[in-house]
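The values are calculated or read from the model by the stated rules, or taken from the named source; none is laboratory data. Bear in mind the structure is a predicted one, so any value in this text is a computation, not a measurement. When we count neighbours, we look across all protein chains shown, and the Cβ atoms used for this are built from the backbone with ideal geometry, even at glycine. Each accessible area value is taken on the protein alone, full model and side chains, heavy atoms only, with ligands, DNA and RNA left out. Shrake-Rupley method; radii C 1.70, N 1.55, O 1.52, S 1.80 Å.
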Amino acid sequence: MGQAFLEIDGLFKDFGGLRAVDNVSFSMNRDQILGLIGPNGAGKTTLVRLITGILRPDSGSIRFKGKNVIGLKTWDIINLGIACTFQNMRPFRRLPIIANVMVSCLCPRAMKRGEWVKRVEAKALDALEFAGISDMSLEKASTLSQGDLKRLEVARAIATEPELLILDEPFGGLSPAETDLMAKSIKRLHKGGRFGRLHSEGPAMIIIEHKLQQLMKIVDRIIVLNYGIIIADGTPEEVVNDKEVVESYLGEGGI
Ligand SMILES: Nc1ncnc2c1ncn2[C@@H]1O[C@H](COP(=O)(O)OP(=O)(O)OP(=O)(O)O)[C@@H](O)[C@H]1O
Ligand SMILES: [Mg+2]
């Protein structure tokens, strides 16, 4: 058996009396796109915060490429190759859009030795172009619409050249047309190799979404959380037909 790419075992996180993540264990491979779904408050964002080092679990283990990441700073975790976008976008609003992405490019992982500002700028533009907002690169981030803010989030994350990219509701607040565009971008990114110098190999992904129809077209596996507990883990088909998932999340109408 080869070593798992991401391996999570017995993870717990309480907030006061509330158990947000309850004995979560799963592992994923380097080539996977994994959907993470479940009702509001199920613990999805909390789980991502544990993986990215923003929060520390009460117990359990998280290993990325065989290395324990619990206790590492978020910055160090990014340098190992995990990047995420945030459900609530918080760019540097007064900085130009391109400067927001250049900050990500300055992470040592993305900034190889001898790389000067011009190349960082070019790399940031690549990421913006991939995300579809390169024509606005000099505008302030505060001018962006909801949909374009999502795109900026994606650009900032991919500029660190992640091997695992975690997207927290990438379709949130987007129109159907914008959602389609974003879904196509995500699929292209996962395939890899086509965006300037970025990503010769596409990253593995974990995607949190409530828009299940669109999500199901992208992912090859779905994990369902409910009250912090994994209640289903399988192919999209298996999961949407699972009795417990229908009862606790989907309802009789399905997706
Ligand atoms: N920092 C915090 N302090 C206290 N409680 C928190 C904190 N963060 C999250 N919670 C609680 O933990 C539970 C899980 O929240 P979380 O944000 O992880 O859910 P989610 O699955 O991402 O939901 P949504 O689909 O609405 O984004 C919720 O009950 C939430 O109120
Ligand atoms: Mg959330």
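Residues in region 19-57 that are exposed (fewer than 14 other Cβ atoms within 10 Å of the Cβ) and either within 13 Å of ligand 1 (Cβ to nearest atom) or not charged (D, E, K, R) (or both): SER25, SER27, ASN29, ASN40, ARG56.
Do the conditions hold for THR179, that is, is it open to solvent by less than 30 Å² (accessible area, probe 1.4 Å) and closer than 17 Å to ILE255 by Cα?
On the way: open to solvent by less than 30 Å² (accessible area, probe 1.4 Å): yes; closer than 17 Å to ILE255 by Cα: yes.
So THR179 passes the test.
From the list LYS123, LYS65, LYS140, the one residue that fits, being open to solvent by 50 Å² or more (accessible area, probe 1.4 Å) and in contact (Cβ under 8 Å) with a residue 60 or more places away in the chain, is LYS65.
Elements of the type helices (runs of 4 or more DSSP H) sitting completely within region 144-255 and holding at least 2 residues that are modelled with pLDDT under 90: these cover 146-158, 176-191.
Residue under question is SER145, and the condition is that it be without any contact (Cβ under 8 Å) to a residue 12 or more places away in the chain, among the small types (Gly, Ala, Ser), more than 16 Å from ligand 2 (Cβ to nearest atom) and under 18 Å from ARG90 (Cβ atoms); does it hold? Yes.
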